[in-house]
Amino acid sequence: MAIVIAEDGSFITVPTKIVMKDGKRYAEVYTFVDGTIALIPHQQSFADTQGHWAKAAIDEFASRLIVSGMTETTFVPDADVTRAEFTAILGRALGLVSTPYQGRFNDLPPDNWAAASIPLNRSLIQGYENSSFRPNQNMTREETIVVITRALQMVGVKVALSDDKVKQILGQYGNADKVSGWAENAVAVAIETGLLQGKTAHTLASQDPVTRAEIVIMIRRMLEYANLI
């Protein structure tokens with residue numbers, strides 16, 4: 001994996017892809033920041049992901065330092081994900097730099113562990129009308145997809161769908177009427193690009209909480225679709 005080292009010695013992980021050219025291996029690095037780029041070996045896995053459907057992706061993201069375990073040996077892949085947790089994971093996946101917290105949200109004190117992650121993603125994940133962020137509220141599948149499709153656009157991938165195409169895509173699922181109006185386009189884009197799959201062949205479960213394993217899979221698909229890993 002690749003990291004970018006700042007002048008003060010701190011570092012962030014950045015999206016990295018290994019490519020072959022003229023029989024040699026090269027690392028293609030995507031970064032928003034300046035600094036010294038270094039490649040470091042790191043492998044990690046968890047005892048409780050053995051046999052899990054998302055094990056390979058979880059191991060990859062842990063080895064890239066994008067996700068960490070709930071303990072040193074457990075990931076708890078089927079646990080729900082809070083808004084704060086999701087924001088931090090997405091920030092690390094994209095290689096975004098933390099910025100000084102400006103107290104933008106009234107329910108997020110500066111000493112909260114997530115305070116350093118949320119400002120850097122303010123264009124991706126937003127607060128509520130009363131200036132709250134609700135860091136401990138669980139993310140739903142549709143909320144997650146809205147933010148991930150914004151991230152896709154942020155890295156330069158544009159996917160435009162007509163209203164008729166959105167209706168056609170969502171119409172394949174029997175419970176598409178449960179998708180919130182503000183999420184319909186993003187959910188359709190995610191289905192069209194392969195970022196999102198239904199819970200079954202005919203159900204989306206857009207209002208269900210998203211799990212740690214699902215977050216890893218969705219973000220990984222986004223990075224892969226954008227050709228960043």
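Quick note: the coordinates plus some simple rules give every number you see, no bench work behind them. Since the structure is predicted, the reported quantities are computational estimates derived from the model, not experimental observations. Note that each Cβ is placed from the backbone with ideal geometry, even for glycine, and that neighbours are counted across all protein chains shown.
Under the rule of at least 5 residues apart or a separate chain, name every residue whose amide H is placed under 5 Å from the amide H of A205.
Amide H to amide H, under 5 Å and 5 or more residues apart or across chains, A205 pairs with K199.
Normalise the Cα radius of gyration of the chain by 2.2 N^0.38 Å (N = residues in it) and let me know the number. Provide the component values of the computation, followed by the final result.
Working: Rg = 18.0 Å, N = 229, 2.2 N^0.38 = 17.3 Å.
With N residues counted in the chain, Rg over 2.2 N^0.38 Å equals 1.04.
How many percent of the alpha carbon pairs in region 1-74 exceed a separation of 20 Å?
Counting every Cα pair in region 1-74, those more than 20 Å apart make up 42 percent.
Most exposed first by the Cβ proxy, i.e. fewest other Cβ within 10 Å, how do H52, H42 rank?
So the residues, fewest neighbours to most, are H42, H52.
From the backbone phi of region 25-32, what are the Karplus-calculated ³J(HN,Hα) couplings (6.51 cos²θ - 1.76 cosθ + 1.60, θ = phi - 60°) in whole Hz, Gly and Pro given as x?
Whole-Hz 3J(HN,Hα) from phi for region 25-32: 8, 10, 9, 9, 10, 10, 9, 8.
For M1, M154, what ranking results if the residue with the fewest other Cβ atoms within 10 Å of its Cβ goes first?
M154, M1
Which order do S131, S63, S206 fall in if you start with the one that has the fewest other Cβ atoms within 10 Å?
Going from least to most buried by this count: S131, S63, S206.
Note down the magnitude of the dipole of the chain about its Cα centre, charges +1 on Lys and Arg C-beta and -1 on Asp and Glu C-beta and zero elsewhere, to the nearest 20 debye.
So the dipole magnitude of the chain works out to roughly 460 debye.
Which whole-number percent gives the relative contact order of the chain, counting Cα pairs below 8 Å spaced six or more residues apart?
Values: 354 pairs, mean separation 46.9, N = 229.
It comes to 20 percent, rounded to a whole number.
What number, in percent, do you get for the relative contact order of region 1-123 if the mean sequence gap of Cα pairs under 8 Å and at least 6 apart is divided by its residue count?
That works out to 22 percent.
Over region 6-55, calculate the relative contact order: mean separation of alpha carbon pairs under 8 Å at least 6 apart, over the residue count, as a percent.
Working: 27 pairs, mean separation 13.6, N = 50.
Normalised by residue count, the contact order of region 6-55 is 27 percent.
If you stretched the chain out fully between V19 and E224, how much longer would it get, using 0.36 nm times the residue separation minus the C-alpha to C-alpha distance?
Residue separation times 0.36 nm, minus the Cα-Cα distance, leaves 72.5 nm.
Work out, in µm²/s and without decimals, the Stokes-Einstein translational diffusion coefficient of region 91-181 at 25 °C, 0.890 mPa s, Rh from Kirkwood over C-alpha pairs.
Result for D is 160 µm²/s.
Can you give the percent of C-alpha pairs in region 165-229 whose distance is more than 18 Å?
34
Strictly greater than 12 Å: what percent of every Cα pair in region 46-89 meets that? Display every interim value, and only then the final one.
Values: 571 of 946 pairs.
Tail of the P(r) past 12 Å holds 60 percent of the pairs.
Number of Lys-Lys pairs in the chain under 26 Å by Cα, sequence gap 8 or more or different chains?
Lysine pairs meeting both conditions in the chain amount to 11.
With point charges of +1 on the Cβ of Lys and Arg and -1 on the Cβ of Asp and Glu, referenced to the Cα centre of the chain, which listed residue (G156, F61, Q44) lies farthest in the positive direction of the dipole?
Value: G156.
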